[in-house]
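Working notes for the structure below.
The values are calculated or read from the model by the stated rules, or taken from the named source; none is laboratory data. Computed from a predicted structure; not experimentally measured. Note: ideal-geometry Cβ built from the backbone for every residue, glycine included; neighbour counts use all protein chains shown. For accessibility, only protein heavy atoms count, side chains too; no ligands or nucleic acids. Shrake-Rupley method; radii C 1.70, N 1.55, O 1.52, S 1.80 Å.
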Amino acid sequence: MGLSEVSYKDALTYKITKKGLKVENEVDVPTCYDDAIMEHNLELNILVER
């Protein structure tokens, strides 16, 4: 039996920040289609700096 999704996300976030990268969790990103901003945003579980 594996860990919950939250546990995996926490472990991944920890590992990435330990490498010195910035991480944001649960980030809403506006979505566009044909030059129109959509009503619902895309929700990213983990956003890692570029």
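Structural remarks
- For region 9-17, the count of residues that are without any contact (Cβ under 8 Å) to a residue 12 or more places away in the chain and among the β-branched types (Val, Ile, Thr) is at least one.
- Of everything in region 36-50 that is among the β-branched types (Val, Ile, Thr) and in contact (Cβ under 8 Å) with a residue 24 or more places away in the chain, the residue that is nearest to Lys19 (Cα to Cα) is Val48.
- Tally of residues being under 12 Å from Ile46 (Cα atoms) and in a helix (DSSP H, G or I) across region 14-32: 3
- So Leu44, is it assigned to a loop (DSSP other than H, G, I, E, B) and either in contact with a Ser or Thr (Cβ under 8 Å, 6 or more places away or on another chain) or surrounded by 11 or more Cβ atoms within 10 Å (Cβ to Cβ) (or both): no
- Condition met for Leu21 (open to solvent by 80 Å² or more (accessible area, probe 1.4 Å) and in contact with a strand residue (DSSP E or B) (Cβ under 6 Å, 6 or more places away or on another chain)): no
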